[in-house]
Amino acid sequence: MLRIVILPGDGIGPEIVEQARACLVMLSEQCDLRLEFEERDFGGIAIDRHGTPLPDETLEACRSADAVLLGAVGGPKWDGAAERPEAGLLKLRAGLGLFANLRPARVLRGLRHLSPLKDEVADGADILVVRELTGGAYFGEKSYSDDFASDTSVYTRAEIERIAHVAFAAARRRKKKVTSVDKANVLATSKLWRLVVNEVARGYPDVALDHLYVDAAAMALVTSPRRFDVILTENLFGDILSDELAVIGGSIGTLPSASLGAGGPALFEPIHGSAPDIAGLDIANPAGTISAAAIMLGHLGHSDMESLLVDAVENTLVDGCRTADLGGSDTCSEFGAETRQRLKEGISAREAHLELIAMNRGCCG
Ligand code: NAD
Ligand code: IPM
Ligand code: MN
């Protein structure tokens with residue numbers, strides 16, 4: 001039995017997570033997969049109910065889970081809160097030691113026209129952003145007064161080494177190219193970043209490495225996305241570039257992310273936020289969250305289930321089911337239902353295939 005902690009969060013979080021959970025329930029009921037779900041308060045809703053965005057019992061439940069599935073947190077209601085919902089997310093990432101954030105994006109076959117980029121630019125783009133997640137300006141010392149404010153960005157050699165290894169190892173399973181993105185012409189942390197990344201690269205002679213400054217990378221992402229395979233970058237640059245990356249495929253609503261540590265439970269979530277502007281309307285795109293749930297299954301050792309769910313989401317899109325962010329009029333729950341219909345078909349096809357293999361074994365062996 002695998003125990004999944006679900007953190008629906010705020011805004012569209014509960015709506016999109018519900019669609020992902022229903023897909024997981026279907027797989028759990030119809031396949032050889034046992035999942036158990038436990039829902040916990042996190043983010044703004046936890047501030048309302050417990051006075052803090054990350055209650056101790058939520059963190060403990062996550063720590064003892066096999067994996068965590070998150071919707072999104074935050075919203076204007078908590079803008080003035082002493083501790084914002086987003087602070088809870090940073091504490092959760094730090095608390096679970098989730099230093100590596102993987103954000104894959106590609107332009108799907110048959111869906112090039114959803115990209116705002118020209119077909120010939122977008123066609124074939126397939127990028128993995130490996131974002132360092134527990135260092136940099138997000139976690140350095142801060143000060144604030146009405147006249148003066150400061151953020152400190154800190155990176156140690158060890159922090160850069162471990163995230164660089166994640167990126168090079170991922171590139172080995174892809175097109176064997178890492179582009180390290182920094183601001184080494186200005187920032188001390190970036191100077192160390194570049195030095196250490198070059199050193200780690202020596203252990204991966206089969207992987208090509210190049211470096212780009214973050215301003216140039218922001219431009220190249222939309223002028224020539226195909227030049228990238230794995231982008232390795234620090235926390236803040238990774239946050240910004242991954243939202244830009246999200247647009248290449250058509251909408252931020254479609255992109256998943258996985259946050260991993262050195263063992264222990266990992267966290268899976270869409271890369272977008274709580275989208276307060278469309279919350280409660282059942283029009284959000286749940287594809288990113290369902291895809292995050294798929295990656296979670298692969299991470300838990302069920303790569304066949306991951307493929308079934310990834311295929312179901314892609315086929316739903318290719319067949320023309322579209323939420324408003326992709327120019328369509330299908331609702332969040334309709335997209336989820338369509339995905340589950342295709343998932344059901346995928347499960348049946350897999351069963352038929354497995355039966356055939358068993359029959360052949362029976363005949364021949
Ligand atoms: P956002 O990602 O929530 O929304 C940006 C735009 O994208 C909005 O127009 C929104 O409607 C649209 N959008 C986002 N997800 C969508 C989806 N699934 N389907 C259709 N459209 C979608 O970013 P924001 O507005 O800058 O932030 C809103 C709140 O979310 C803030 O409090 C922010 O801090 C928080 N946030 C949380 C996370 C997280 O929990 N991981 C991530 C990013 C932002
Ligand atoms: C993300 C979000 C978070 C981040 C915020 C909500 C703290 O934008 O997951 O991309 O900046 O990491
Ligand atoms: Mn972000």
Positive-end extreme of charge dipole, the chain - chosen from VAL178, PRO270, LEU90 (charges on Cβ): VAL178
Region 95-130 and region 283-316: distance between their alpha carbon centers, rounded to Å: 15
Pairwise label distance in nanometres, ASN198 with ASP282, each label 7 Å out on the Cα-Cβ vector: 5.8
Residues whose placed amide H lies under 5 Å from that of ALA100, excluding near-sequence neighbours: LEU133, LEU260
Projected label distance in nm at VAL318 and VAL186, using a 7 Å step from Cα toward the beta-carbon: 4.3
Extension gain, HIS165 back to GLN341 (0.36 nm per residue minus Cα-Cα distance, nm): 59.4 nm
Extent along principal axes [Cα atoms of region 201-325; Å; largest to smallest]: 48, 35, 27
Extension reserve of the GLU83-ARG174 stretch, reckoned as 0.36 nm per residue once the Cα distance is removed: 28.7 nm
FRET efficiency for ASP123 and SER307, using Cβ-Cβ distance with R0 set to 22 Å, rounded to 0.05: 0.40
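What's the extension gain from THR156 to LEU354 if we count 0.36 nm per residue and subtract their Cα-Cα distance?
So the chain would gain 66.3 nm between THR156 and LEU354.
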Whole-Hz couplings from phi, Karplus 6.51/-1.76/1.60, listed for region 72-79; x for Gly and Pro: 6, 10, x, x, x, 4, 10, 4
FRET efficiency, ASP147 to ARG227 (Cβ-Cβ, R0 35 Å, nearest 0.05): 0.20
Residues ILE252, ILE16 arranged by fewest to most Cβ contacts within 10 Å: ILE252, ILE16
Using θ = phi - 60° and Karplus 6.51 cos²θ - 1.76 cosθ + 1.60, couplings along region 206-218 (whole Hz; Gly, Pro as x): 7, 10, 7, 10, 9, 10, 9, 6, 5, 5, 5, 5, 4
Count of Lys pairs (Cα-Cα under 30 Å; at least 8 positions apart or interchain) in the chain: 16
Packing-based ranking, highest mean first, of 272-284, 292-304, 117-129 given that Cβ atoms within 10 Å are counted: 292-304, 272-284, 117-129
All-pairs alpha carbon distance profile, region 103-252, 10 Å steps from 0, percent: 11, 39, 32, 14, 4, 0
Taking region 103-252 and dividing mean pair separation by its residue count, relative contact order in percent (alpha carbons under 8 Å, at least six apart): 36
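Here, each number is a calculation from the coordinates, and none is a lab measurement. Not measured: the values here are computed from a predicted model. Note that we place each Cβ from the backbone using ideal geometry, even for glycine, and neighbour counts take in every protein chain shown.
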